[in-house]
Amino acid sequence: QVELAESGGGTVQAGGSLTLSCTASGLPDTNYCMGWFRQTPGKYREGVALIDRDGSTRYSESVKGRITISRDTAEKKVDLQMNSLKPEDSGTYYCAAAPRLWTCPRSIETAHIAMPTWGKGALVTVSS
């Protein structure tokens, strides 16, 4: 019954900005661990950013300082603000949720394993 829907994907030139949004349906709120992941063909689904129940966040080393995850509880959505984008940031970005976890996984590197609910993805292309 729980569904996640991403929006905001597109193409941007290197150095530009893009904001992705994830809207949750089927739950009364989004006060649980949620995150954004990205994937390219042949690679695992890399954790980009996580936001926990208390609003604490966690980022992969490659995006720290350039990407911000935030939650709008009233609108039941989680946004990913991306700045200073690089070509290596390109990929399909997925929103994920773990409503039954007390907190987000300790390691963002393996967080994808613990996420049971996923959106269908949004393509982000950063051109040179």
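The values are calculated or read from the model by the stated rules, or taken from the named source; none is laboratory data. Just so it is clear, the model here is predicted, and its values are computed rather than measured. So basically every Cβ, Gly included, is an ideal-geometry build from the backbone, and we count neighbours across all protein chains shown. For the accessible areas, the whole protein counts, side chains as well, though only heavy atoms, and no ligand, DNA or RNA atoms are used. Shrake-Rupley method; radii C 1.70, N 1.55, O 1.52, S 1.80 Å.
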Based on what the data block shows, is GLY35 small (Gly, Ala, Ser) and open to solvent by 40 Å² or more (accessible area, probe 1.4 Å)?
no
Please go through (1) open to solvent by 40 Å² or more (accessible area, probe 1.4 Å); (2) under 18 Å from GLU3 (Cβ atoms) for THR117 and return the number of the only condition it doesn't satisfy.
(1)
Positions within region 43-54 being more than 14 Å from the chain's Cα centre (by Cα) and at pLDDT 90 or above, in sequence order
ARG53, ASP54
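Restricting attention to region 21-32, and to residues there that are buried (at least 23 other Cβ atoms within 10 Å of the Cβ) and assigned to a strand (DSSP E or B), which single residue is nearest to the chain's Cα centre (by Cα)?
Here is the first cut: in region 21-32, the residues buried (at least 23 other Cβ atoms within 10 Å of the Cβ) are 22, 24, 30.
So of that shortlist, the ones also assigned to a strand (DSSP E or B) come out as 22, 24.
Working: CYS22: 8, ALA24: 13 Å.
Checking each candidate, the answer is CYS22.
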Hey, any hits in region 43-56 for a residue that's more than 24 Å from GLY15 (Cβ to Cβ) and of a type in the set (S, T, N, Q)?
yes
Let me spell it out: the conditions are (1) open to solvent by 20 Å² or more (accessible area, probe 1.4 Å); (2) hydrophobic (A, V, I, L, M, F, W, C); (3) assigned to a strand (DSSP E or B), and VAL48 meets all of them except one. Which number is the exception?
(1)
Every pair of residues 6+ apart whose Cβ atoms lie under 6 Å, when the first sits in region 45-71 and is free of Cβ contacts under 8 Å to residues at least 24 places away in the same chain while the second is open to solvent by 50 Å² or more (accessible area, probe 1.4 Å) and in a loop (DSSP other than H, G, I, E, B):
ARG66/ASN83; ARG66/SER84
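Could we say that THR110 is open to solvent by 20 Å² or more (accessible area, probe 1.4 Å), at pLDDT below 95 and either among the β-branched types (Val, Ile, Thr) or part of a strand (DSSP E or B) (or both) here?
Details: open to solvent by 20 Å² or more (accessible area, probe 1.4 Å): yes; at pLDDT below 95: yes; either among the β-branched types (Val, Ile, Thr) or part of a strand (DSSP E or B) (or both): yes.
So THR110 passes the test.
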Can you find a residue that is of a type in the set (Val, Ile, Thr) and not in a strand (DSSP E or B) anywhere in region 77-87?
no
Failed condition for GLY65, given (1) at negative phi; (2) at pLDDT 95 or above; (3) not in a strand (DSSP E or B):
(1)
Could you identify the single residue in LEU18, LEU85, LEU80 that is at pLDDT 95 or above, within 12 Å of the chain's Cα centre (by Cα), surrounded by 15 or more Cβ atoms within 10 Å (Cβ to Cβ) and not β-branched (Val, Ile, Thr)?
LEU80
Total residues in region 1-15, condition within 26 Å of THR110 (Cβ to Cβ) and open to solvent by 60 Å² or more (accessible area, probe 1.4 Å):
1
Could you please tell me which pairs satisfy a Cβ distance under 6 Å, a separation of 6+ or placement on different chains, a first residue in region 100-128 that is without any contact (Cβ under 8 Å) to a residue 60 or more places away in the chain, and a second residue that is in a loop (DSSP other than H, G, I, E, B) and open to solvent by less than 40 Å² (accessible area, probe 1.4 Å)?
ALA114/PRO105
